[in-house]
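Engineer: Here it is, the structure in full.
The values are calculated or read from the model by the stated rules, or taken from the named source; none is laboratory data. Because the structure is predicted, anything quoted here is derived from the model rather than measured. Every residue, glycine among them, receives a Cβ derived from its backbone with ideal geometry; neighbour counts consider all protein chains shown.
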Amino acid sequence: MTTKPPVEDFATDWDHTDPQWVNNPYPIWEELRERCPIAHTHRYGGGWFPTTHEMVSAVANDTVHFTSRQVVVTNNKFPEFAPPAPMGGAPPITSDPPFHQIARRIMLPALAPGPVNALEPQIRELCVQHLDEIAGREFVDAGSEYAQFISPGVISRMLGFPPEDEDRFRDFVHLVLDLVDLPAEERAPLFAPMADYFSRQIDDHLANPRDDFTSYLLGVEVGGSKLAPEHVRGTMVLMLVAGIDTTWSAIGAAIWHLATHPKDLERLVNEPAIMPLAVEEFLRFYAPVTMARMVKEDFEFFGCPMKKDDWLLLGFPAANRDPVAFDDADRFIIDRAVNRHAAFGLGIHRCAGSNLARLELRVAVEEFIKRFTKFELAAGGDVTWAQGQVRGPRQIPLHVLAS
Ligand code: HEM
């Protein structure tokens, strides 16, 4: 366990794992946007946090000054287990051009609207199955008894991993995305079970190829050659990590919102036609994903003296609350008509799984409010939020008022 000083001034010492940020980052970002608007920290070896949509977009679209070599801020800027740029440890998210485009194109067919939409009945069945288990109860935890099961169920099937290994997947995600403030020497050995697990899955798929994304990656050829083993493994890890925590967080945040805003819940129950707009507003307002970049060489960005290998925490969620980019940015408007949010990122790394994410979020919320038509947070229950770069509620204790 680490003990670290609490943050006193986020402008000069930000820490995205500080409890204040974890529990409610929005007032912090708002204040920074007005004061700085690029915050700095010496923690994690030094880094920056821009808070306006303009700056976030400028970074996301600038692959000359920023590299994606590492997209998760930790105490280790140069982990020995991660392949260097331009591939990085989890292509394409850790890849830079021109390799990035090759790695991204490999993933796109599996995540295109056609194959993704075909998953809808399966996703709905998964939701219904978990809802059946909590049906008829007055108190349920929508985080630990519902939201956390949907995306692992979908992704494990896509990758062809045993669905009963779900607990492990959540452990892997917790390690990669939550335990980021551990000292480097404590964190590195924790990756061994994850590496073993992926090796076993790869061996099994090589011995018994089947119709899933893992076998596809093992067989795919680029320019007449199969992918390098570290490429296959890195993309599998990315699918698992990017596919689980993100959507789990989005589903949880949407249900938390409905539990705390009864008028929005009532409207969504009575007017299902607004669901597509509601999904976009859930994504904008509670955007779960913040990614990182590293500075390639010393240069000045909006007047800030950035140094080679500084972190740059890319706050898509902060950009989504920027009043310059959105009317009434700090108001949740369930049927917001114009909503060009940045929840799925901006620039060349824009989320490749957005079709699947939107589908899972819509179906999971639809089925939840079909089953529970009126609910609120349970009195005295503790809502807890994940720490790190993917933010969403983990425990959402609810009092069911009507089902
Ligand atoms: C609500 C759920 C999701 C959100 C908010 C989200 C958000 C994001 C964001 C912000 C990025 C850009 C990262 C960057 O610029 O460094 C990204 C990239 C990516 N996401 Fe998602 N994501 C979600 C779900 C998913 C799912 C379900 C999958 C796949 C199963 C997925 C796969 C990817 C991949 C492969 C990339 C990398 C794309 C590239 O580098 O070209 N995501 N996501």
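Engineer: Say we look at the range 100-125 and pick out the residues that are under 21 Å from the mean Cα position of the chain (by Cα), among the hydrophobic types (A, V, I, L, M, F, W, C) and part of a helix (DSSP H, G or I); which of these is farthest from Ala352 (Cα to Cα)?
Structural biologist: Going through the qualifying residues, I end up with Ile123.
Engineer: What residue, of Leu240, Leu218, is within 16 Å of the ligand (Cβ to nearest atom), assigned to a helix (DSSP H, G or I) and surrounded by 12 or more Cβ atoms within 10 Å (Cβ to Cβ)?
Structural biologist: Just a single option satisfies the conditions, and that option is Leu240.
Engineer: Looking at this structure, is Asp196 in a helix (DSSP H, G or I), away from the ligand (no atom under 14 Å from the Cβ) and acidic (Asp, Glu)? Give the steps one after another, and end with the answer.
Structural biologist: On the way: in a helix (DSSP H, G or I): yes; away from the ligand (no atom under 14 Å from the Cβ): yes; acidic (Asp, Glu): yes.
Spelling it out, Asp196 is indeed in a helix (DSSP H, G or I), away from the ligand (no atom under 14 Å from the Cβ) and acidic (Asp, Glu).
Engineer: Kindly indicate whether Leu179 is within 30 Å of Gly47 (Cα to Cα) and surrounded by 14 or more Cβ atoms within 10 Å (Cβ to Cβ).
Structural biologist: It is true that Leu179 is within 30 Å of Gly47 (Cα to Cα) and surrounded by 14 or more Cβ atoms within 10 Å (Cβ to Cβ).
Engineer: Which of the helices (runs of 4 or more DSSP H) found entirely inside the range 4-96 contain at least 2 residues meeting this: within 19 Å of the chain's Cα centre (by Cα)?
Structural biologist: Fully inside the range 4-96 and qualifying: 19-23, 26-35, 53-60.
Engineer: To continue, here is another question. Considering each of Glu30, Glu54 in turn, give the residue that is within 26 Å of Thr384 (Cα to Cα), at pLDDT 95 or above and not aliphatic (A, V, I, L, M). First the steps, then the outcome.
Structural biologist: Values: Glu54 fails: within 26 Å of Thr384 (Cα to Cα).
The conditions single out Glu30.
The rows are residues; the columns are (1) away from the ligand (no atom under 14 Å from the Cβ); (2) of a type in the set (D, E, K, R); (3) free of Cβ contacts under 8 Å to residues at least 40 places away in the same chain.
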{"site": "Ile106", "(1), (2), (3)": "no, no, no"}
{"site": "Pro121", "(1), (2), (3)": "yes, no, yes"}
{"site": "Arg137", "(1), (2), (3)": "yes, yes, no"}
{"site": "Ser144", "(1), (2), (3)": "yes, no, no"}
{"site": "Val154", "(1), (2), (3)": "no, no, no"}
{"site": "Leu159", "(1), (2), (3)": "no, no, no"}
{"site": "Glu166", "(1), (2), (3)": "yes, yes, yes"}
{"site": "Arg170", "(1), (2), (3)": "yes, yes, no"}
{"site": "Pro189", "(1), (2), (3)": "yes, no, yes"}
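Engineer: Let me ask you something else. Here are some residues: Lys307, Lys296. Which one is in contact with a Phe, Trp or Tyr (Cβ under 7 Å, 6 or more places away or on another chain), surrounded by fewer than 23 Cβ atoms within 10 Å (Cβ to Cβ) and not acidic (Asp, Glu)?
Structural biologist: Just one listed residue meets the conditions, Lys296.
Engineer: A further question follows. Within the bounds of the range 313-323, is there any residue that is within 27 Å of Ala112 (Cβ to Cβ), within 14 Å of the ligand (Cβ to nearest atom) and part of a loop (DSSP other than H, G, I, E, B)?
Structural biologist: Within the range 313-323 (the criterion being within 27 Å of Ala112 (Cβ to Cβ), within 14 Å of the ligand (Cβ to nearest atom) and part of a loop (DSSP other than H, G, I, E, B)), the answer is yes, since at least one residue qualifies.
Engineer: Hey, another quick one. Any residue at all in the range 115-128 that's in contact with a His (Cβ under 8 Å, 6 or more places away or on another chain) and not basic (Lys, Arg)?
Structural biologist: Scanning the range 115-128, I find no residue that is in contact with a His (Cβ under 8 Å, 6 or more places away or on another chain) and not basic (Lys, Arg), so the answer is no.
Engineer: Right, another one. Taking the residues in the range 182-209 that are among the aromatic types (Phe, Trp, Tyr) and in contact with a Lys or Arg (Cβ under 8 Å, 6 or more places away or on another chain) as candidates, determine which candidate is surrounded by the fewest Cβ atoms within 10 Å (Cβ to Cβ). Quick ask: steps written out before the conclusion?
Structural biologist: Narrowing the range 182-209 to residues among the aromatic types (Phe, Trp, Tyr): 191, 197-198.
In the following step, the residues that additionally are in contact with a Lys or Arg (Cβ under 8 Å, 6 or more places away or on another chain) were identified as 197-198.
Details: Tyr197: 17, Phe198: 20.
Per the criteria, the residue is Tyr197.
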